[in-house]
Amino acid sequence: MGIVAGLDSSSAFTHIVVCDADTGAVLRQGYAAHPVEAKATEVDPQVWLLSLGEAATGGLLEGVQAIGVSAQQHGLVPLDRQGNLVRPALLGNDKRAQVAAADLIDGLGGRQAWAQAVGAVPQAAQPVSKLRWLARTEPEAAQRVASVLQPHDWLVWQLLGRPNRRTTDRGAASGTGYWSAESGAYRPDLVELALGHQAALPEVLGPADAAGTTPEGLLISAGTGETMAAAFGLGVGPGDAVVSLGASGSVMAVHHEALADPSGMITSFADATGMHLPVVYTLNAVRALRGAAEMLGLEGLEELSALALKSTPGASGLVLLPYLEGERTPHLPHTAGTLSGLRRESMKPEHLARAAFEGMLCSLADALDVLRGRGVEVRRVFLLGAAAELPAVQGLAPAVFGTQVVVPQPAEYAALGAARQAAWALGVSQGTLDPRTPPAWQGAAAQVLEPGDELPVGQAVRQQYRATRDQIHPGAFDSAL
């Protein structure tokens, strides 16, 4: 069918993969760092274009017929009536809107009202909270805002030559805080609640739709957010969950319907295929491992992993509740972590190391159970992040999660998902693909781990963790599990 490209503009770099449209085989790749500070919370979007241009040098896009765009989520690009930037774009890692998010929750009548309205309770990262922050702290700039885009929307618009029509997709729209994955519609009243006046919002395209064609004849697909693109690149489907191990953690699964969660623990995203991606976040994952390694004077996580495997299941009764930064799941924003079960025999380095791994994985298993409790089927878990390669994680995760665990080989899955979307839109435009069925690319190469005979051991570890959690934080999960 041809050659397509996927462009992933993350918070730090642009990665481009050029693929065979029929098989998904990667033909060539390009990479460029963004010329911004690593922890910048706002940026001139032009740097994304500069990085894109650098990544595409050397004839990388020669012969490409369609491009898909994935980009960092929760960014806000505010534009005036002429389409010019009102102020630098606000990025997803900007936490200044925490008070604004709390104001919005109260303004609509509480967490349950938001969950029912758009499937998510406002957080500082979301565009709706950033609009409220802008209205409160930079009112003159807020008054000039006539339309709002997210990073992937803005890049698609730029690639198409800044046409009058501005577009997004349901995946990216579902992260704004003013679009409902359940109804498939915007809530303009929530934009007005946040900003103080209405603003133009981009048209939401379907999964196989094209955003347009460049003057050179290059088809640009709808694009999507990084989370949705990565899921599409991995090839996950119903029955699959993805557990991401960063400093914080996330658990998402493919589901046939949106989930309105009155507790606010579930964020109801749409995916890039027409399905849904309910997500549960934890504030603490690998940070608990790094903290344990520092307490024990170890050089890194590899040493912590080796030490943990010298202990036994249950860590001789030692339990770590890894709520080091407070916790989002369960909703314990002001709590601290707890180390319980200290006895003379348990006060050994290897038991603390194992308790850190068991605590992290049990906390993520709690997040999985929030989804399972709402009818989400989980037959296998994809485990992402550098920590997924640690022997202690791979040794414990299948039994603790109670299911098959898949550890994909490292790859640029968001860029691959964007390329797969481009192939889908190209095939639909040529009449060779059904708009309801994406191209059947080969799934990610991966290591597959089974719980096997260790399943009862994992259940015992989880029961010990639950008993400690419920004793120290009684009722924390009553509304979700």
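Applying a threshold of 6 Å to beta carbon distances and a minimum spacing of six or more residues, or different chains, the list of pairs starting in segment 103-117 at a residue that is without any contact (Cβ under 8 Å) to a residue 40 or more places away in the chain and ending at one that is outside any helix (DSSP H, G or I) and open to solvent by less than 30 Å² (accessible area, probe 1.4 Å) reads Ile105/Pro122.
Being within 25 Å of Thr137 (Cα to Cα), open to solvent by 30 Å² or more (accessible area, probe 1.4 Å) and of a type outside the set (D, E, K, R) holds for only one residue in Leu193, Leu218, and it is Leu193.
Quick grid of which residues meet (1) surrounded by fewer than 22 Cβ atoms within 10 Å (Cβ to Cβ); (2) closer than 30 Å to Leu159 by Cα; (3) in contact (Cβ under 8 Å) with a residue 12 or more places away in the chain:
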residue	(1), (2), (3)
Thr224	no, yes, yes
Ser248	yes, no, yes
Met252	no, no, yes
Asp261	no, no, yes
Ala270	no, yes, yes
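Evaluation of Asp153 against the conditions (1) in contact with a Lys or Arg (Cβ under 7 Å, 6 or more places away or on another chain); (2) on the phi > 0 side of the Ramachandran plot; (3) among the charged types (D, E, K, R) shows that the sole unmet condition is (2). Taking the conditions exactly as written (in a helix (DSSP H, G or I) and open to solvent by 10 Å² or more (accessible area, probe 1.4 Å)), does Arg162 satisfy them or not? It is false that Arg162 is in a helix (DSSP H, G or I) and open to solvent by 10 Å² or more (accessible area, probe 1.4 Å).
Quick one: would you say Leu309 is open to solvent by less than 30 Å² (accessible area, probe 1.4 Å) and either at pLDDT 95 or above or aromatic (Phe, Trp, Tyr) (or both)?
No, not satisfied.
With a requirement of 3 or more residues that are among the small types (Gly, Ala, Ser) and touching a Phe, Trp or Tyr at 6+ places or on another chain (Cβ under 6 Å), none of the strands (runs of 3 or more DSSP E) lying completely within segment 1-59 satisfies it. Say whether the condition of being farther than 23 Å from Tyr186 by Cα and over 23 Å from the mean Cα position of the chain (by Cα) is met by at least one residue in segment 124-134. Checking segment 124-134: not a single residue is farther than 23 Å from Tyr186 by Cα and over 23 Å from the mean Cα position of the chain (by Cα).
Answer yes if at least one residue in segment 136-144 is among the basic types (Lys, Arg) and open to solvent by 20 Å² or more (accessible area, probe 1.4 Å), and no otherwise. Scanning segment 136-144, I find at least one residue that is among the basic types (Lys, Arg) and open to solvent by 20 Å² or more (accessible area, probe 1.4 Å), so the answer is yes. Does Ala185 satisfy the criteria of being touching a Ser or Thr at 6+ places or on another chain (Cβ under 6 Å) and more than 26 Å from Met360 (Cα to Cα)? For Ala185, the condition - touching a Ser or Thr at 6+ places or on another chain (Cβ under 6 Å) and more than 26 Å from Met360 (Cα to Cα) - is not met. Taking segment 220-279 as the range and being under 15 Å from the mean Cα position of the chain (by Cα), of a type in the set (Ser, Thr, Tyr) and under 25 Å from Val4 (Cβ atoms) as the test, the residues that pass are Thr224, Thr227.
Listed by first and then second residue, the pairs with beta-carbon distance under 8 Å, at least 6 apart or on different chains, first residue in segment 158-174 and over 25 Å from Leu277 (Cβ atoms), second aromatic (Phe, Trp, Tyr), are Pro163/Trp157. For segment 242-266, a tally of residues being of a type in the set (Val, Ile, Thr) and either touching an Asp or Glu at 6+ places or on another chain (Cβ under 8 Å) or at positive phi (or both) returns 1. Contact map, segment 9-26: residues that are closer than 25 Å to Val428 by Cα paired with residues that are in a loop (DSSP other than H, G, I, E, B) and aromatic (Phe, Trp, Tyr), Cβ distance under 6 Å, separation 6+ or inter-chain. Pairs shown: Gly24/Trp441. Screening segment 367-481 for strands (runs of 3 or more DSSP E) wholly inside it with 2 or more residues that are touching a residue at least 40 places away in the same chain (Cβ under 8 Å) and open to solvent by less than 10 Å² (accessible area, probe 1.4 Å) returns the ranges 378-384, 404-408.
In a residue-by-residue description of segment 312-326, the property of being out of contact with any helix residue (DSSP H, G or I) (no Cβ under 8 Å at 6 or more places or on another chain) and either surrounded by fewer than 17 Cβ atoms within 10 Å (Cβ to Cβ) or within 30 Å of Gly233 (Cα to Cα) (or both) applies to at least one position.
Of note, Leu307 does not satisfy the criterion of being farther than 30 Å from Val99 by Cβ, under 24 Å from the mean Cα position of the chain (by Cα) and assigned to a helix (DSSP H, G or I).
Looking only at residues of segment 60-82 that are part of a loop (DSSP other than H, G, I, E, B) and among the hydrophobic types (A, V, I, L, M, F, W, C), we find that the one that is most open to solvent (accessible area, probe 1.4 Å) is Leu61. With respect to the stated conditions, Leu85 is over 21 Å from Glu226 (Cα atoms), open to solvent by 40 Å² or more (accessible area, probe 1.4 Å), modelled with pLDDT of 95 or more and aliphatic (A, V, I, L, M). Going by the structure shown, is Arg343 in contact (Cβ under 8 Å) with a residue 24 or more places away in the chain and open to solvent by 10 Å² or more (accessible area, probe 1.4 Å)? Yes, satisfied.
Using the structure shown, decide if Gly239 is out of contact with any helix residue (DSSP H, G or I) (no Cβ under 8 Å at 6 or more places or on another chain) and in contact (Cβ under 8 Å) with a residue 40 or more places away in the chain. Yes; evaluated as a whole, the condition is true for this residue.
The values are calculated or read from the model by the stated rules, or taken from the named source; none is laboratory data. These numbers come from a predicted model, not from an experiment. Don't worry about glycine lacking a Cβ; one is built from the backbone with ideal geometry, like all the others, and counts go over all protein chains shown. Note: accessible area is taken over every heavy atom of the protein model, side chains too, but ligands, DNA and RNA are not part of it. Shrake-Rupley method; radii C 1.70, N 1.55, O 1.52, S 1.80 Å.
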